[in-house]
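The values are calculated or read from the model by the stated rules, or taken from the named source; none is laboratory data. All values reported here derive from a predicted model rather than from experimental measurement. Heads up, the Cβs are rebuilt from the backbone with ideal geometry, glycines too, and the neighbour counts pull from every protein chain shown. Areas reflect the complete protein model, heavy atoms only, side chains present, ligands, DNA and RNA absent. Shrake-Rupley method; radii C 1.70, N 1.55, O 1.52, S 1.80 Å.
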Amino acid sequence: DRGDVFTYDALAWARFAAGDVTGAAEAMTRALAAGTRDARLFWHAGEIAAARGEADAAARYFAAARTMAGTLAPTERARLAKSEARVAVGE
């Protein structure tokens, strides 16, 4: 019921994990609508875009996340780097 940026992000990430890429994209659109700049939001948006076959959008989101990567945990930074590489080679 909260409807804030991070609640929509959590919903998007949960739907993504459950295999509901369409529902994840819908929730992520709502999360990003407020214009909040957050590495985790952009990383999640990139993962969802990549799963939808939207490589250009995924690359843009990953690049935005990279500019703020210092706010991510080391394991998240490593996962971001792998995701960026995967999109760069067209997987």
Filter result (hydroxyl-bearing (Ser, Thr, Tyr), in a helix (DSSP H, G or I) and open to solvent by less than 50 Å² (accessible area, probe 1.4 Å)) within the stretch 8-37: TYR8
Subset tally (residues that are loosely packed, with under 12 Cβ neighbours inside 10 Å and modelled with pLDDT of 95 or more) for the stretch 57-72: 1
Test: residue in the stretch 42-54 that is in contact with a Gly (Cβ under 6 Å, 6 or more places away or on another chain), open to solvent by 40 Å² or more (accessible area, probe 1.4 Å) and either modelled with pLDDT of 95 or more or on the phi > 0 side of the Ramachandran plot (or both): no
Tally of residues being touching a residue at least 24 places away in the same chain (Cβ under 8 Å) and within 16 Å of ARG37 (Cβ to Cβ) across the stretch 47-65: 3
